[in-house]
Every structure is written in structure tokens, then in C-alpha cells.
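Student: Dumping the structure here so I can ask a few things about it.
What follows is calculated from the coordinates using simple rules that are stated; it is not laboratory data. These numbers come from a predicted model, not from an experiment. Note: ideal-geometry Cβ built from the backbone for every residue, glycine included; neighbour counts use all protein chains shown.
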Amino acid sequence: MFGPSIEGELIRLDPPKTAYAAIYIQWFADPQLTHYMLVRNPPSLRQEEEWLEQVAASPNDIIWAIVLRENGKLIGNIGLQHIEWRHRHSHSGTIIGDPTQWGKGYATEAIRLRTIYAFRELGLEKILTSVSSGNERSRRALERAGYKQCGLLRRNRFFHGRWHDEWLGEILRDEWETQQIDQK
Ligand SMILES: CC(C)(COP(=O)(O)OP(=O)(O)OC[C@H]1O[C@@H](n2cnc3c(N)ncnc32)[C@H](O)[C@@H]1OP(=O)(O)O)[C@@H](O)C(=O)NCCC(=O)NCCS
């Protein structure tokens, strides 16, 4: 599925357009972007277009484009993957494709908007994620949005000539609801 438009303060989540596939493959050609990711080789345009079609047709995955609110410029992607409807949980992933846009709080806001949608619209109970050790930017954005560590898989990913641990994070609906009350 593609996610519906959701307005934030700095960014908006939008359903992705097919034309974005050409931009996505440029992002994945940048080793700075893929440094801590499992995807390490850029897909072809056709593969990327097919991937968008597959996600659109999937009842268990939701993807949004992250665009700047001020001018609609595409800056990233965010999604809920492998939604388990019976167990009411999902995996999640986020990228801000242009490194010059990092550190401006865009991912934190996008993660917060996705969490509201997952808990208030989809009725999920939990969202999970994992981050390679060293990807402090990603872990910080998740923690700022309310995720907490729930595990650490030691020496679980091998890249750049060495082993990396995998940080497992989760956000639970009731704990998140309490945070919303505390922030009021
Ligand atoms: C991870 C990613 C989505 C974060 O996006 P972003 O828009 O830069 O994130 P934000 O600006 O919302 O938040 C980044 C946080 O990391 C902090 N940060 C930035 N650089 C950092 C660094 N080198 N070390 C530690 N923390 C850092 C920021 O200060 C901010 O935390 P704070 O506000 O609590 O200080 C983006 O860097 C990205 O797309 N990376 C490549 C793809 C990727 O690794 N995706 C995640 C896969 S799990």
C-alpha cells in the first residue's frame, strides 16, 4: 500500500510517485547513504519501478515519500514493512536520501508521523526496527521519536571489513500514549 498524505510541521508524508524511482536509484548509488544499510548496490530503474508496484500491491507493507512542506521537494522515504495484522506489529525503515538534508530533524518528524498513523489508524500495538552499530544518527532519531532498545544482536552484520552489532528498537502503543500525555 501507499500511505496517505500526512502533514507535519517541516515535512509531509505523501504517497510515492512512479517518477521518484529515478531519484531513488541515484540515492542508492551514494555510498554515504548506504554505509550502514543492507542495500549496498543501486537497483536498476526497472527494478525500482517494479519494487514500487510490489509495495503498492502489498497488503502488509506501507510506504510514503518524505517531501519538504515548503516546496514539495522529495527528500526521503519511510515505511512500515511486514505488518503482522494478527499480532499487530510491524517493522519500520527510514531514509533521508540527500545527505545535505541530514541533521535537520526531518527523520525524527517523519518517524513521529508514522507512529501516530500506525497506532491511531492501523491499530498496531508495536513497531520494531533495527540499526547497525555506528549509525548514531538513525538511533538518535528513533530514540527522540520514542523508540527504546529491546535487544542487541552481537556481530550480526559484516561490512567494511568488520563485524557490526545490530541494535533492536521498539515502540509500544501504551508507552507511547503515556509519552503523549506527559508532553501535553
Ligand atoms: C538515519 C537518517 C534517516 C536520519 O535522518 P536525519 O533527518 O538526519 O535525522 P534527524 O535530523 O531527525 O535526527 C538525527 C539525530 O542524530 C543526531 N546526530 C546527527 N549526527 C550525529 C552523529 N554523527 N552522531 C550522533 N548523533 C548525530 C542529531 O543531532 C539528531 O539527534 P538530536 O536531535 O537528538 O541531537 C539519515 O541520516 C539517513 O537516511 N541515513 C542513511 C540511511 C540510513 O542509515 N537509514 C536508517 C537505516 S536503519
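Student: For TRP85, TRP102, what ranking results if the residue with the fewest other Cβ atoms within 10 Å of its Cβ goes first? Don't skip to the answer; put the middle values down first.
Tutor: Working: TRP85 12, TRP102 16.
Going from sparsest to densest Cβ surroundings: TRP85, TRP102.
Student: Using a Förster radius of 22 Å, what is the FRET efficiency between ASN60 and GLU121 based on their Cβ-Cβ separation? Nearest 0.05, please.
Tutor: It comes out at approximately 0.90.
Student: According to a simple spin-label model (label point 7 Å from Cα along Cα-to-Cβ), what is the distance in nm between PHE158 and ARG86?
Tutor: Once both label points are built, they end up 3.5 nm from each other.
Student: Past 23 Å, Cα to Cα: identify those pairs from LYS17/LYS148; LYS73/LYS104; LYS17/LYS73; LYS73/LYS148, in the order given.
Tutor: LYS17/LYS148; LYS73/LYS148
Student: Arrange VAL131, VAL67, VAL55 by Cβ neighbour counts within 10 Å, fewest through most, would you?
Tutor: Going from least to most buried by this count: VAL55, VAL67, VAL131.
Student: Rounded to the nearest Å, what's the spacing between the alpha carbon centres of the stretch 1-58 and the stretch 161-184? Just the number, please.
Tutor: That distance is 24 Å.
Student: Counting only helical runs of four or more DSSP H residues, what would the 222 nm mean residue ellipticity of the chain come to if each run contributes -39,500 (n - 2.57) and the total is spread over all its residues?
Tutor: Working: 6 runs with 56 residues, N = 184.
That comes out to -8500 deg cm²/dmol.
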